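Trainee: Please read through the structure below; I'll follow up with questions.
FYI, it's all coordinate maths here, none of it is from the lab. Given the structure is predicted, the values throughout are model-derived calculations rather than measurements. Cβ coordinates were reconstructed from backbone atoms using ideal geometry, including for glycine residues, and neighbour counts include every protein chain displayed.
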Amino acid sequence: MAEQPVDVLIVGAGASGAAVAWSLAETRMRIVCLEQGDWLKPDDYPGSREDWELSQIRDFSPSPNVRGRSEDYPVNDGASPIAASMFNAVGGSTVLYAAHFPRFHPSDFRARALDGVGDDWPLDYARLAPWYNLNSRMMGVSGLTGDPAYPAEPPKEFPLPPIPLGRLGETLARGFNRLGWHWWPSDSAIASQDYEGRAGCINAGTCLLGCPHGAKASTDVTYWPLAIRHGVELRTRCRVREITVGADGMADGVIYYDADGVERRLAAHVVIMACNGIGTPRLLLNSRSRHFPDGLANRSGLVGRNLMFHPYAIITGIFDEPLEGYKGPTGCSLMSHEFYETDGTRGFARGYSFEMLRGFGPVATALYGMAFGRVLPGEGHHRGYAELADRTAGIAAICEDLPEPGNRVTLDPDLADSNGIPAPKVTYRLSENSTRMLDHAVARGREVMTAAGARDTMVQAPLTMAGWHLMGTARMGCDPATSVVNEWGRCHDVRNLFIVDGSIFVTAGAVNPTNTIQALALHIAYSIKQRLSNLFDD
Amino acid sequence: MRPGKPTPLNDDERRALAPVLDGFIPPSDDGVLPGAGELGLAADVDEVLRREPDLHAQVVRSLAGLDRLAARRGAARFTALAAEQQAEVMTELSCSEHAFPPLLLVYTFGCYYKHPRILAHYGFEARPPHPKGYEVAPTDLSLLDPVRGRGPIYRRC
């Protein structure tokens, strides 16, 4: 017997799917979320094992291609200098993210008006500010108010005090101070103290391999338990193949494969896509029909186009003294927005942020040292290792990427996942603007490392395994000819289809996007709730 | 199709692997730190490699290659050669199609730098980070005084 249609069907249980599910739960509609991954348990994470650092080589690599789990889908990123990174499970990529959680700046929403590049968003910082604050409470964000890189009003709210900088962070902070540059304790989606049933961070430093302690705010420990308690049904190991369309051109459900590989259909009155900036265009492009021969909601031809990563540079300083850099959250200590806003004298539009990284663990010291030619096999090995052991500090430069139609996600004609669904193919070129920005960031990164006391630096630019931030492939806008969704996430072409993930970003900003993704998801959920009686009207 | 879970290396294969690992990480000049083979990591590396059957099979083939090259020198097997001859054979193998896969080096580094004796030498506690974690001192927020003193830096728009 066919299953009754659900009111709302959410595809994907990551950062945005969790937030929108929780927010809509209060409507008491029947809401089902389909997630291709599974629940992970604290014991699944390697931080409690002696070989914890080795797990990043394969099982907990950020790359789905390297992990090769059946829950993942492969990504053909051979035509991109930046490899796609993501994780498929309840919590999505928040399971492995660093939880560095800054907001966009007001200028990020007006790049065209201010700098003549990219496009303007159909909403602004003030509109999102309440949702940032709600998300801060829901995720349990640690931070310090008063950051002069943001407007004082409305204030950024943090329910928890900032993560301690540690010896390494204070060393770098002094370097920034010597140069007179901005820095501030990171906005961190890591509980610095016990919060809402989650234990406070114990500074174990295994954030990128999942947090066995539950201090890091992956959505499997934040939004999802609440959403489920309020009646949302979450089905795991259910992989959606396509969104189906009725005779009226409206979405009417999905076809998916369950854990046993059995093809199933679930009908729905509203479909919400929350599959990230690669997964969402992949599914839309794979949902062809008489109404949408080029892919669902793609009359503009923009689905999959304008893919933005954040080109990264990593500047690693080598110091003479131990820094205790292995103590504390990997990517959350301090940030600098000194070079965030456009300065015409720099030779590029827009800007970048610095995110301080802790030092390497014992194994990572050897492997990164080898990659840089500093810790080689054979003679001299021990001397090379001793020079790096607990004597490194890193800074990540996160550069704003500009939207370019040629940077895109398409369907690969040959590659497929374990259910035979076509895999996404990424075609991406690093722009001249990004290249100049990376050069500037590397020079400034070296400068601050030297000011902090580093005797040498090592540089990776652009960082290859850095495609964590997936944005722009179903952009938001007012004009159906130049955008895929409207200012509250509804597809122009399909009035009961919504997108809430990073696909809808118009520009990329120069900070980690998860906080903005979730603020947008909360904004969209609120907009849906306000319009329930006329949700599908023009 | 991936091969099944590999069988562990036999004793002779582990003995043959030890000088290979010592070539990657030799003893320190002052003799304080042992080489990777001397530390007995062949068994650890074998265990890690067995999680990756394809890689394990490559290493087994390379070890067989060492025996073949040893046979050309009149030895019954690689482990029967003197240390100097073993070094020659390893160099010869490294230039051939049966060279050890690069990931063997990665996993050797990985096993060496999780060994309690090595961790203790460098001042790391020989335990996983969880569940004990680490103490980090509270931050001296007066460090922010110059940043606060400078005032807003965001772009008004």
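Trainee: In whole Hz, with x marking every Gly and Pro, tabulate ³J(HN,Hα) for segment B:82-93 from phi via Karplus 6.51 cos²θ - 1.76 cosθ + 1.60, θ = phi - 60°.
Mentor: Working through the residues one at a time gives 6, 4, 5, 5, 4, 4, 4, 5, 5, 5, 4, 5 Hz.
Trainee: Still on this structure, I have one more. Taking 8 Å as the Cα distance limit and 6 or more residues as the minimum spacing, I'd like the relative contact order of segment B:1-136 as a percentage. Intermediate results must be reported in sequence, preceding the final value.
Mentor: Working: 130 pairs, mean separation 31.2, N = 136.
About 23 percent, as a whole number.
Trainee: Same structure, new question: Looking only at Cα atoms, what is the convex hull volume of segment A:295-345 per residue, in Å³?
Mentor: Spelled out: Cα convex hull of segment A:295-345, divided by residues, is 199 Å³.
Trainee: In addition: Can you pull the Rg over Rh of segment A:115-156, Cα-only, Kirkwood?
Mentor: Details: Rg = 12.7 Å, Rh = 12.1 Å.
Radius of gyration over Kirkwood radius for segment A:115-156 works out to 1.05.
Trainee: Let me ask you something else. What number do you get for segment A:398-467 when its Cα radius of gyration is normalised by 2.2 N^0.38 Å, N = residues? Please list the in-between numbers first.
Mentor: Details: Rg = 17.7 Å, N = 70, 2.2 N^0.38 = 11.1 Å.
Working it through for segment A:398-467, the quotient is 1.60.
Trainee: Still on this structure, please answer the following. Step through the residues of segment A:321-327 one at a time and calculate ³J(HN,Hα) from phi using the Karplus curve (6.51 cos²θ - 1.76 cosθ + 1.60, θ = phi - 60°), rounding each to whole Hz and writing x for Gly and Pro.
Mentor: With coefficients 6.51, -1.76 and 1.60, one gets 10, x, 10, 6, x, 7, 9 Hz.
Trainee: Shifting gears a bit: Could you sort out which of A:Lys156/A:Lys327; A:Lys216/B:Lys5; A:Lys425/A:Lys529; A:Lys156/B:Lys114 sit more than 31 Å apart by Cα distance in this structure? Could the numbers behind the result be given before it?
Mentor: Details: A:Lys156/A:Lys327 27 Å; A:Lys216/B:Lys5 34 Å; A:Lys425/A:Lys529 35 Å; A:Lys156/B:Lys114 42 Å.
Correct reply: A:Lys216/B:Lys5; A:Lys425/A:Lys529; A:Lys156/B:Lys114.
Trainee: Tell me, what are the semi-axes, in whole angstrom and largest first, of the equivalent ellipsoid of segment A:30-140 as set by the roots of 5 times the Cα gyration tensor eigenvalues? Write down the numbers at each step before the final one.
Mentor: Values: eigenvalues 212, 82, 47 Å².
Over the Cα atoms of segment A:30-140, the semi-axes work out to 33, 20, 15 Å.
Trainee: Can you bin every Cα-Cα distance in chain A into 10 Å intervals starting at zero and give me the percent of pairs per bin, rounded to whole numbers?
Mentor: Binned Cα distances yield the sequence 4, 20, 31, 27, 13, 4, 1, 0.
Trainee: Another one. Note down the nm distance, to one decimal, between modelled labels 7 Å out along Cα→Cβ at B:Arg156 and at A:Glu432.
Mentor: 3.5 nm
Trainee: Now a separate question. So what's the convex hull volume per residue for the Cα atoms of segment A:200-250, in Å³? All intermediate terms of the calculation are to be shown ahead of the outcome.
Mentor: Working: hull volume 7.2 nm³, N = 51.
Spread over its residues, the Cα hull of segment A:200-250 gives 141 Å³ apiece.
Trainee: In nm, what is the difference between 0.36 nm times the number of residues separating A:Leu226 and A:Asp320 and their Cα-Cα distance? Mind showing how you got there, number by number?
Mentor: Working: separation 94, 0.36 × 94 = 33.84 nm, distance 4.79 nm.
Full-extension gain reported as 29.1 nm.
Trainee: Return the equivalent ellipsoid semi-axes of segment B:27-105 as a descending list in whole Å, where each equals the square root of 5 times an eigenvalue of the C-alpha gyration tensor. If you can, show how the numbers build up before the last one.
Mentor: Values: eigenvalues 85, 76, 24 Å².
Three semi-axes, in Å: 21, 20, 11.
Trainee: Starting from the exponent 0.38 and prefactor 2.2 Å, build the expected Rg for chain B from its residue count and divide its actual Cα Rg by it.
Mentor: Details: Rg = 23.4 Å, N = 157, 2.2 N^0.38 = 15.0 Å.
Rounded to two decimals, the normalised Rg is 1.56.
Trainee: So, one more: Any chance you could list P(r) for segment A:128-243, counting all Cα-Cα pairs in 10 angstrom bins from zero, rounded to whole %?
Mentor: Percent of Cα pairs in each bin: 12, 34, 31, 16, 6, 1.
Trainee: State, as an integer percentage, the relative contact order of segment A:448-521 based on alpha-carbon contacts under 8 Å between residues 6 or more apart.
Mentor: Numbers: 88 pairs, mean separation 18.4, N = 74.
Reported as a whole number, the value is 25 percent.
Trainee: Any chance you could list the semi-axes, whole Å, largest first, of the equivalent ellipsoid that the Cα gyration tensor gives for segment A:8-88, using √(5λ)? Write out the running numbers ahead of the final one.
Mentor: On the way: eigenvalues 168, 69, 19 Å².
Semi-axes, largest first: 29, 19, 10 Å.
Trainee: Compute the distance in nm between two label points, each set 7 Å from the Cα along the Cα-to-Cβ direction, one at A:Arg346 and one at A:Ala267.
Mentor: 5.4 nm
Trainee: Right, here's the next one. What ³J(HN,Hα) values, in whole Hz, does the Karplus curve 6.51 cos²θ - 1.76 cosθ + 1.60 give for segment A:459-469 when θ = phi - 60°, with x put for Gly and Pro?
Mentor: Residue by residue, segment A:459-469 yields 10, 10, 7, x, 6, 5, 7, 9, x, 6, 9 Hz.
Trainee: So, one more: Test of understanding: what is the full-extension gain from A:Lys41 to A:Arg28, defined as 0.36 nm times their sequence separation minus their Cα-Cα distance?
Mentor: Values: separation 13, 0.36 × 13 = 4.68 nm, distance 2.85 nm.
So the chain would gain 1.8 nm between A:Lys41 and A:Arg28.
Trainee: Once Rh for segment A:67-109 is found with the Kirkwood sum over Cα pairs, what is the Stokes-Einstein diffusion coefficient at 25 °C and 0.890 mPa s, in µm²/s? Don't skip to the answer; put the middle values down first.
Mentor: On the way: Rh = 13.1 Å.
In µm²/s, the coefficient rounds to 188.
Trainee: Restricting things to Cα coordinates, could you compute the convex hull volume per residue of segment A:455-534 in Å³? If you can, show how the numbers build up before the last one.
Mentor: Working: hull volume 8.8 nm³, N = 80.
In segment A:455-534, the Cα hull volume divided by residue count equals 110 Å³.
Trainee: With bins 5 Å wide starting at 0, give me the P(r) of segment A:229-371 over every alpha carbon pair, in whole percents.
Mentor: 2, 7, 11, 13, 10, 9, 9, 11, 12, 9, 5, 2, 1, 0
Trainee: Then there's this: Around A:Arg137, with a cut-off of 10 angstrom between Cβ atoms, what is the net charge of the other residues, counting Lys and Arg +1 and Asp and Glu -1? Intermediate values should be presented prior to the final figure.
Mentor: Working: positive: none; negative: A:Glu157, A:Glu196.
Net charge around A:Arg137: -2.
Trainee: Using only alpha-carbon positions, what ratio does the radius of gyration of segment A:87-182 give when scaled by 2.2 N^0.38 Å? Intermediate values should be presented prior to the final figure.
Mentor: Working: Rg = 16.3 Å, N = 96, 2.2 N^0.38 = 12.5 Å.
Taking the Cα Rg and dividing by 2.2 N^0.38 Å, one obtains 1.31.
Trainee: Separation between the A:Ala416 and B:Leu141 pseudo-spin-labels, each 7 Å from Cα along Cα→Cβ, expressed in nm?
Mentor: It is 5.7 nm.
Trainee: Cα atoms only, segment A:384-538: Rg and Dmax in Å?
Mentor: 20.6, 67
Trainee: Under 5 Å between amide hydrogens, which residues at least 5 positions from A:Gly467 or on another chain qualify, with H placed 1.01 Å from N in the peptide plane?
Mentor: A:Ala83, A:Ser85
Trainee: Which three extents, in whole angstrom, do the alpha-carbon atoms of segment A:176-286 cover along their principal axes, largest first?
Mentor: Dimensions of segment A:176-286 along the principal axes of its Cα atoms: 65, 35, 25 Å.
Trainee: Label 7 Å along Cα→Cβ of A:Gln193; segment A:108-137 residues with amide nitrogen under 18 Å?
Mentor: Correct set: A:136-137.
Trainee: Only bridges whose two residues both fall in chain A count here: according to DSSP, what percent of them are antiparallel, nearest 5? Walk me through the numbers on the way to the answer.
Mentor: Values: 46 of 66 bridges.
Bridges in chain A are about 70 percent antiparallel.
Trainee: Only bridges with both residues in segment A:401-528 count here: give the DSSP antiparallel percent, nearest 5.
Mentor: Of all bridge pairs located within segment A:401-528, approximately 90 percent are antiparallel.
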